[in-house]
Each structure stands twice: as structure tokens, then as C-alpha cells.
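J.: Got a structure here, written out as C-alpha cells. Questions coming.
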Amino acid sequence: MFALGVFLACVLAGVGLFFIPAFIIRPFRYQAPRSLGLAMSIAQHSPWWTLAAAAAALLLTLFLWRGSLLWQRVVLALGMVLVAGAATMARIDYFEWMFHPVASPGFTAASDSNLGDSEMVMAVRFGSENRAYPIREMAYHHVVNDSVAGTPIVVTY
């Protein structure tokens, strides 16, 4: 039973090393500097630590499998899926999945926009043409290729 407890601790550590940064680092929400620093530190080191947790869990699974009951084998298999998934996800920049490029920007007159009075925008003016790119929209896309007064531009945030 001690080895099964160590196995579960490895699974929890591996899964926790993936989920802690995922829950703290949330784009478009306030993040306290201290907790963000902790999350960034964990995210930086989690690829190796989740791999170590998965390797330890695999060794314990191999050790425990032969003499285990059916319910214990289910726990071992489920734990291995979780810790292997965490070790995989710790190596992927899953925050990029939230951001999609703007295929072709569309514009409306300022009087027709749904922007609040305190909404921040990035503004561009060439000649008599003006564009305003709302920060909240740019945060989802990061880059917009556009043309203002016939001049190609790249707007980034």
C-alpha cells in the first residue's frame, strides 16, 4: 500500500505541475505579480519535473501491476494516463490555442461601434484615413495585417 501511495503522490505532483500554471496564468484577467511569478517559475521547470513524475509513476506501475487487484490496476492505468498527459501538456504552449489570426479586419464608424467610453484602442492615421484597433480584440489576435491609405501595415499588441 505504501508504493501505491507514492504512485498517487507522483501522479498528483505531475498533474499539479501542469494545472497550477494553467489556473494562475489566465489571459485577460488580473494576475497578482507574486502568484504570476510563481506560476511562471513552475511552468518553466514543469517539463522536466512532470517527466520525472511520469517516469517514477511508470516504474511504480510496473512494480505494482502483477500483484494488484482489478481496482488497483484501474487506478494505476488512470493515474498513468493523467501523469503522461500532464507531462505532454507541460511541453506545449497551450495558451497559443486561444489566439487566432485576423483573416481580414472589418471596421465600423466610431458612432456605430460598441466600444465603451473607457475602452482602450490603438490608433493609426495615414493621410485622411484613420483606424482604431480595440485592445481587447487585439489581445486575442496579437497581429493584424491591414492597409491604411494604400500603405500595408502590421498592428501588433
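All of the numbers you see were taken from the coordinates with simple rules; none came from a lab. Everything quoted here is computed from the prediction, not taken from an experiment. Here the Cβ is made from the backbone with ideal geometry for all residues, glycine too, and neighbour counts use every protein chain on show.
J.: Taking H placed 1.01 Å from N in the peptide plane, check which residues at least 5 places from VAL121 or on another chain put their amide H under 5 Å from its amide H.
T.: ILE135
J.: Find which of ALA87, TRP49, PHE23 sits farthest along the positive direction of the dipole of segment 2-98, computed with +1 on the beta-carbon of Lys and Arg, -1 on that of Asp and Glu, about the Cα centre.
T.: Checked the options; the winner is PHE23.
J.: Compute the longest continuous run of the chain that contains no exposed trypsin sites (Lys or Arg not before Pro); treat a site as exposed when its DSSP state is not H, G, I, E or B and it has at most 14 other Cβ atoms within 10 Å.
T.: Longest run free of exposed loop sites: 92-157.
J.: Can you figure out the FRET efficiency of VAL6 with ARG29, using R₀ = 30 Å and their beta-carbon distance, to the nearest 0.05?
T.: 0.25
J.: Identify which of THR50, THR88, THR108 has the largest mean-square fluctuation in a Gaussian network model of the chain, with springs joining Cα atoms closer than 10 Å.
T.: For the chain, modelled as a Gaussian network with Cα springs under 10 Å, the answer is THR108.
J.: Let me ask something else about it. Run lengths n ≥ 4 of DSSP H only: what is the helix-derived mean residue ellipticity at 222 nm for the chain, with -39500 (n - 2.57) per run over all residues, to the nearest 500?
T.: Working: 4 runs with 83 residues, N = 157.
Helix contribution divided over all residues of the chain: -18500 deg cm²/dmol.
J.: Could you work out how far helix 33-65 tilts from the main Cα principal axis of the chain, as a 0 to 90 degree angle to the nearest 10?
T.: 30 degrees
J.: In whole Å, what is the distance between the alpha-carbon centres of segment 107-157 and segment 6-41?
T.: Using only Cα atoms to place each centre, the spacing works out to 34 Å.
J.: Give me the distance in nm between label points sitting 7 Å out from Cα along the Cα-to-Cβ direction at LEU70 and MET122, one decimal.
T.: Each label point lies 7 Å from its Cα, and together they span 5.9 nm.
J.: Taking only Cα atoms, what is the 0 to 90° angle, nearest 10, from helix 70-89's long axis to the longest principal axis of the chain?
T.: Taking Cα atoms only, the helix is inclined about 30 degrees.
J.: Rounded to the nearest 20 Debye, what is the dipole magnitude of segment 2-98 about its Cα centre when Lys and Arg each give +1 and Asp and Glu each give -1 at the C-beta?
T.: It comes to approximately 140 debye.
J.: Between MET40 and SER104, what length comes free when the chain is fully extended (0.36 nm per residue of separation minus the Cα-Cα distance, one decimal in nm)?
T.: Working: separation 64, 0.36 × 64 = 23.04 nm, distance 3.35 nm.
Residue separation times 0.36 nm, minus the Cα-Cα distance, leaves 19.7 nm.
J.: On C-alpha positions alone, give me the angle between the axis of helix 2-24 and the longest principal axis of the chain, in degrees, nearest 10.
T.: For 2-24 against the chain, the angle is about 0 degrees.
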